[in-house]
Amino acid sequence: MLAEEPEAVPLAGGTDLLVHWPAHHETRESTYLDLGQIEELRSHRWTEDALILGGTTTYWDLIRDPRTTRDLPLLVDAARQVGAVQIQARGTWAGNIANGSPAADGVPVLMAYDAVVVAQSERDSCEIPLSEFYLGYKEMRLADDQLITRIRVPLAPRANQRFDKVGARRAQAIAKIGLATVEAEDGWRVVAASLAPTVRRCPAVEALLDSGEAEYSLDGFETALATDVSPIDDIRSTAEYRRRVAARLLFFGPGSREA
Ligand SMILES: Cc1cc2nc3c(=O)[nH]c(=O)nc-3n(C[C@H](O)[C@H](O)[C@H](O)COP(=O)(O)OP(=O)(O)OC[C@H]3O[C@@H](n4cnc5c(N)ncnc54)[C@H](O)[C@@H]3O)c2cc1C
């Protein structure tokens with residue numbers, strides 16, 4: 001259907017799309033492609049070296065699978081902080097990625113785990129590392145006729161895994177700051193949300209953490225963050241608050257690991 005009508009809008013849980021209906025009447029005129037009936041997209045599975053999420057796997061699907069808590073705990077940490085239970089039951093990981101919000105909670109943890117997006121159309125299928133998926137605010141490497149059919153999350157030895165979300169309250173809050181940090185065998189992954197036009201990795205902070213504890217200081221984290229991100233003032237917070245709190249989360253979180 002997308003090949004014939006690429007302007008049709010894929011609809012998974014609808015928890016991002018339907019929010020626009022009351023204020024943006026024109027969105028009601030769109031053609032929607034309901035992914036909910038496509039059984040092949042629904043379930044997730046484990047292989048020897050990866051967790052494979054389907055295009056409509058929900059947060060709740062992973063919260064309910066005890067293996068996720070054991071092997072990829074940040075996915076459950078983040079899932080439990082998305083909206084509240086109703087949103088967790090309907091909202092999907094692929095929808096979180098394709099919505100492209102810089103404040104997303106699912107994207108940072110997937111990116112910190114080196115997830116790969118499988119984008120498929122009738123033409124072909126391609127794999128895009130999530131860390132290379134976003135081109136700018138709400139711009140991404142996903143053509144109109146492509147669906148996210150899978151998200152592959154590699155299994156690997158990892159230590160010091162954290163997901164910090166700073167919001168106005170514990171549920172139904174969009175992040176003022178999101179930070180996912182993971183120590184992989186080949187170095188740290190640090191992924192920031194709500195600090196730039198897209199969720200993104202922070203190479204300067206990663207290099208600082210890789211350099212070892214002797215180099216860690218609050219000033220050092222503030223300087224590295226200034227290289228990686230560009231927070232703004234908006235309805236949820238100020239640039240100054242975001243800068244100060246993010247640096248402290250790093251210094252007292254992964255930065256204090258060996259202190
Ligand atoms: C009350 C409320 C609270 C919320 N709280 C949070 C929160 O705390 N944290 C957070 O990150 N988000 C939050 N959200 C946003 C939303 O729930 C998530 O982003 C969710 O993951 C979106 O998934 P969905 O399946 O509902 O997407 P949909 O609304 O169905 O789709 C979102 C976008 O993705 C596209 N899309 C969906 N699936 C695919 C696919 N397989 N391939 C290609 N394109 C696709 C759609 O066309 C659309 O552009 C909240 C929303 C609400 C209404």
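The values are calculated or read from the model by the stated rules, or taken from the named source; none is laboratory data. Fair warning: this is a prediction, and the values are worked out from it, not measured in the lab. No Cβ is skipped: glycine too gets one built from the backbone with ideal geometry, and neighbour counts run over all protein chains shown. Keep in mind that these areas ignore ligands, DNA and RNA; they rest on the heavy atoms of the full protein, side chains included. Shrake-Rupley method; radii C 1.70, N 1.55, O 1.52, S 1.80 Å.
What is the distance, in nm, between label points placed 7 Å from the Cα along the Cα-to-Cβ direction at residue 64 and at residue 138?
Distance between the two pseudo-spin positions: 3.3 nm.
Just to be sure I follow: if Rg is taken over the C-alpha atoms of the chain and Rh is the Kirkwood radius over the same atoms, what is Rg/Rh?
Reported Rg/Rh, Kirkwood definition of Rh: 0.97.
Treating the beta-carbon of each Lys and Arg as +1 and of each Asp and Glu as -1, no other charges, what is the dipole magnitude of region 142-259 about its Cα centre, to the nearest 20 debye?
Once rounded to the nearest 20, the dipole reads 660 debye.
Could you give the dipole magnitude of the chain about its Cα centre, charging the beta-carbon of Lys and Arg +1 and that of Asp and Glu -1, in debye to the nearest 20?
1100 debye
GNM, the chain, Cα, under 10 Å: largest mean-square fluctuation among 228, 164, 186?
Taking springs between Cα atoms under 10 Å, the residue moving most is 186.
What does the net charge come to around residue 189 if you take all other residues with beta carbon closer than 13 Å to its beta carbon, with K and R at +1 and D and E at -1?
So the surrounding residues net to -3.
When the accessible area of region 9-154 is split by element with a 1.4 Å probe, what percent falls to carbon and sulfur?
Carbon and sulfur atoms account for 49 percent of the accessible area of region 9-154.
Determine the per residue accessible area of the chain with all protein chains present and a 1.4 angstrom probe, expressed in square angstrom.
Counting only protein heavy atoms, the per-residue value for the chain is 49 Å².
Output the direction-averaged projected area (hull surface divided by four) of the convex hull of the alpha-carbon atoms of region 150-246, in nm².
7.4 nm²
So, in Å, what gap is there between the alpha-carbon centers of region 158-218 and region 23-84?
22 Å
Tilt of helix 218-228 relative to the longest C-alpha principal axis of the chain, in degrees (0 to 90, nearest 10)?
In the chain, helix 218-228 runs at an angle near 30 degrees to the longest axis.
For a quick check, take a GNM of the chain with Cα springs below 10 Å and name the residue from 57, 227, 68 with the largest mean-square fluctuation.
227
For every helix of n ≥ 4 consecutive DSSP H residues, a contribution of -39,500 (n - 2.57) applies; sum these over the chain, divide by its total residues, and give [θ] at 222 nm rounded to the nearest 500 deg cm²/dmol.
When only DSSP H runs of four or more count, the value is -7500 deg cm²/dmol.
Evaluate the charge dipole of region 101-173 about its Cα centre and quote only its size in Debye, nearest 20, assuming +1 on the Cβ of each Lys and Arg and -1 on the Cβ of each Asp and Glu.
520 debye
So if we plug the beta-carbon distance of residue 218 and residue 21 into 1/(1 + (r/R0)^6) with R0 = 45 Å, what FRET efficiency do we get, rounded to 0.05?
FRET efficiency, residue 218 to residue 21: 0.50.
Give me Rg/Rg_expected for region 22-96, where Rg uses Cα atoms only and Rg_expected = 2.2 N^0.38 Å with N residues.
1.28
Quick one: compute the contact order of the chain, relative version, from alpha carbon pairs under 8 angstrom and 6+ residues apart, as a percent.
Here the relative contact order equals 16 percent.
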